[in-house]
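Derivation of every value follows stated rules applied to the coordinates shown; laboratory data play no part. Keep in mind that what you see is a predicted model, and the values were worked out from it rather than measured. Counting neighbours? That spans all protein chains shown, and the Cβs are built from the backbone with ideal geometry, glycine included.
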2 protein chains.
Amino acid sequence: MPIPAYLYDKIASSITKLIEEGTYRPGDRIPSIRKMSKQQGVSVSTILQAYLVLENRGIIEARPQAGYFVRIPEFDRLPEPERSSPSADPSHVGLHQLMMIMLRDALDPNLVQLGAAMPNIEFLPTKRLNRITSRLARQSGEEAHQYEIPPGLKELRLQIAKRSLRYGCHFSPDDIIITSGGVEAIDLCLNTVCNPGDIVAIESPMYFGTLQTLEVRGLRTLEIPTHQRDGMDLDALRFAIKQNKIKAILVISNFNNPLGSCIPDEKKKELAALAATYQIPIIENDVSGELYFADKRPSTIKAYDEAGLVMLCSSFSKDISPALRVGWVAAGQYKSEIEWRKFTANAATATLPQMVIAEFLESGGYDYHLRQLRREYARNVKLLSQAVKNYFPPETRVSRPTGGFVLWVQLPGKIDALDLYKVALENDITITPGHLFSPTNQFSNFIRLNAAVWTLPIERAVEKLGEILYGMMGIERG
Amino acid sequence: MPIPAYLYDKIASSITKLIEEGTYRPGDRIPSIRKMSKQQGVSVSTILQAYLVLENRGIIEARPQAGYFVRIPEFDRLPEPERSSPSADPSHVGLHQLMMIMLRDALDPNLVQLGAAMPNIEFLPTKRLNRITSRLARQSGEEAHQYEIPPGLKELRLQIAKRSLRYGCHFSPDDIIITSGGVEAIDLCLNTVCNPGDIVAIESPMYFGTLQTLEVRGLRTLEIPTHQRDGMDLDALRFAIKQNKIKAILVISNFNNPLGSCIPDEKKKELAALAATYQIPIIENDVSGELYFADKRPSTIKAYDEAGLVMLCSSFSKDISPALRVGWVAAGQYKSEIEWRKFTANAATATLPQMVIAEFLESGGYDYHLRQLRREYARNVKLLSQAVKNYFPPETRVSRPTGGFVLWVQLPGKIDALDLYKVALENDITITPGHLFSPTNQFSNFIRLNAAVWTLPIERAVEKLGEILYGMMGIERG
């Protein structure tokens, strides 16, 4: 006997009303069919029918093994930021006091955090990691207290090597050196191929932490124009190589922070070939490579590296745990020198965190976890983009990342991001001003927003930022 | 009723025989009174009487709360090594391939390890650390997965500060920066006060890992003559400062590795004053400061530092766990720059190891553990010294450390330590040749021996080394 339409229509209408009133917000999970059936005192099949109606109307969406969610409406997106066109002269980096202040702010629970690019800890497998840690500590005896000098824990290197086919490489455990996070991997590579005063070609914009590492080491940077979709401009790079003695090329190949760019496979191949032609090592940062929103893991430049010139750096800080501080580098011809440098810098990476990550990779459901994580970040990036579109003045431009969890926002009306930063902080909101992402200050009217977390306070903070911007521009909100 | 003498004398004689035959060896614990009473089928008071007799005869010794042990006989010690007299010219460091080979060898379970200065893992509180780790992992939730950006975990800095009165300092938690082990602390200090090409005054000999760190950073070293008892020669240092532009002074103030020297308090004070006079920063390595054999914790140079020029570096690698990789620096006027550099090098030290150490310091019986550890190392250093005296040719000289767990041995007859190293390795024995401890090769007829572990295979290895030496010298064993 079919379920009468008035029954499930009534249910569907009341859910629609809850959504319109904001009780359930875009991206929220709504109660399961069974639960709703109990709540409403109607049959499971009536609720199922109501949900199907809502799904057809585009109000909710089903996600396999996860339940029903309020659909995030498609929206007219803002235009993307303009391509960078930095100056062609090498320069030193600055601004480290500002960075240290922002790092402190990033840990202040009284501030709404849109600044630091911290992963959303609620999306990370902390419970499973804690169970693994507890078990290993109980079972391991002395193992966790013995040095794992470079290259690091064999089991972990094996697990990393096993996964390398996914991004076009076929590593053996001996190709991998474990580091204390991705930052250290990059620092070791820079120290291996550059001396103070040397020039490094970098994307523009570039993650400010890496710029600081370059500054500490006394290196000069040459910013190469970078497209917000497909990354570094190779013609510009080729030109720069001919004009300057470039000692290394440093790129975030997949989901540049802050730009969100992802270098297409063909271009990765071209970049590897270019490095081989000019015998210039590439330091490839792939820390966000697993956080893709499309169907397929993007490849790496390293996959096309026949000359052993590419040093592929990655870590588990974005997708497993930032605080275990475990990263790695596959360094081609520079391997033994990097091992030595790792030893002189801090002797070894802590053993227990390596054991925990190795065990999680082997038996913790890493792939299942990654599938969930990608869905969550894709959703939050979409929600934040939409909020920026809704609340910021119309001339705002925003990046359209296909992975990762940051947005790069070009402010309207040439507003200085540091001015916005200051007023935002007075309102207990953190943002990252674009000033930090270029040693030649190419991005003073840009901000980076962290899209990892989506909550009502975050949405209210975006609204507030929009208000501040309207105020700074002296215009009424349309 | 008194116990008849023939009864306990018989027991005492049979124990003496067991010791003479080698069933119980010097330093071994003998069965408890209760256990021996059961084994022999005689009363507890008879055994007690027998043990008192043996103690009076100097055959065994009682240790409070630990039981009875076979006494390590006093012996005529070998002369101490000669004071170093390095050249007065700065030089670069070399030999890194040899070091990396030796590091690998240090982890080879098929070799008898007298080379690397690894702590004796059996003396470390691994069980308690594992219990703490397991409990923290179960209870901590997300805490262990959140970044602890520099300066690091507050609770740990608090525990470190609390203990600082013991070595003459009165730190607040804000004075401390957590690092990934002591090696990193020293590297950060060097980078903060020196640029490539700068000259650093160091002890001679100096721990080779630090020499490698100096080499990696492109620094030059000036070796200052160093006494095997009271450390760096301050007159020579003063002279060197006048002759050269010295940018930093690097010393292991307590129990230099490999020399075992400990700078007396008055001299520490003088060194701090000298640094202030010439405004030269001191990097003070105190990683072994807790491993003293006498009654009192030695002080630090930092205790006398009124100018904020002393950077006191330490770690928990020698006394708690080498593989947790937790160290720290109290950096005086250089604090904020070191925080920044720490961030650019690897963002943060892993959080969980910091939590584990903080908890152990607070409630794990650290002081009780240290008391045991000091006794064990004092005993093993004595046993190894005695074995060297027994088995090596008579012209051998050996250091008399008052703390730590390494011996510095001057070989007889100008034998080259690298030759001995090679033959030893053919016999599955590792030693550390003196070549590694000086950039100008001052110590080619020295070796460093690790005294942390004392076992029968170790004793046999020392005997074998003696044989090899007699063979190399072409003389019969006397």
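Label point of B:Lys17 (7 Å along Cα→beta-carbon): distances to the other copies' equivalent points are 10.0 nm, sorted ascending.
Within the protein assembly as shown, DSSP assigns beta bridges of which about 55% are antiparallel (rounded to the nearest 5). Helical runs (DSSP H, four residues minimum) scored at -39500 (n - 2.57) apiece and divided by the length of chain B put the mean residue ellipticity at 222 nm at -13000 deg cm²/dmol. Pairs of Cα atoms nearer than 8 Å and 6+ residues apart set the relative contact order; for the stretch A:308-435 it is 13 percent. Spatially, the stretch A:260-292 and the stretch A:207-256 are offset by 11 Å when compared through their Cα centroids. Restricting attention to chain A, close to 55% of DSSP beta bridges with both partner residues there are antiparallel.
Give, as ranges by residue number, the residues of the stretch A:98-114 whose backbone N falls under 11 Å from the point 7 Å along Cα→Cβ of A:Leu418. So the set is A:98.
The tail of the calculated P(r) for the stretch B:5-70, taken as Cα-Cα distances beyond 17 Å, holds 32 percent of the pairs. Restricting the calculation to Cα atoms, the stretch B:222-365 yields a radius of gyration followed by a Dmax of 16.3, 50 Å.
Computed over all pairs of different Cα atoms, the Kirkwood value for the hydrodynamic radius of the stretch A:125-365 is 18.1 Å. Quick check on the protein assembly as shown: what does the Kirkwood estimate of hydrodynamic radius come out to from the alpha carbon pairs, in Å? Result for the protein assembly as shown stands at 30.9 Å. Contact order, relative form, for the stretch B:5-70: 40 percent (alpha carbon pairs under 8 Å, 6 or more residues apart, mean separation divided by residue count).
Taking the fewest neighbouring Cβ atoms within 10 Å as the starting point, the ordered list for A:Ile282, B:Ile121 is B:Ile121, A:Ile282. From least to most packed, judged by other beta carbons within 10 angstrom and beginning with the fewest, A:Val409, A:Val453 follow the order A:Val453, A:Val409. By the rule of a C-alpha distance below 15 Å, with chain neighbours fewer than 8 residues away ignored, the aspartates and glutamates paired with B:Lys464 are B:Asp419, B:Glu426, B:Asp428, B:Glu476. Global size of the stretch A:411-478: 12.1, 36 Å for Rg and Dmax (C-alpha atoms, Rg to one decimal, Dmax whole). What is the antiparallel percent of DSSP beta bridges lying wholly in the stretch B:269-367, to the nearest 5? Here the antiparallel bridges make up roughly 50 percent for the stretch B:269-367. Cβ-to-Cβ counts within 10 Å put A:Leu237, B:Leu7 in ascending order as B:Leu7, A:Leu237, the fewest first.
Under the combined filter of DSSP loop state and at most 12 neighbouring Cβ atoms within 10 Å, the stretch B:432-477 retains these GluC sites (Glu not before Pro): B:Glu476.
Relative contact order of chain B: 20 percent, from C-alpha pairs under 8 Å at least 6 residues apart in sequence. Overall shape of the stretch A:37-159 was characterised from the C-alpha gyration tensor. The equivalent ellipsoid obtained from it has semi-axes of 42, 34, 17 Å, in decreasing order. Across every direction, the projection of the convex hull enclosing the Cα atoms of the stretch B:109-200 has a mean area of 10.4 nm². Per residue, the convex hull spanned by the alpha carbons of chain A comes to 162 Å³.
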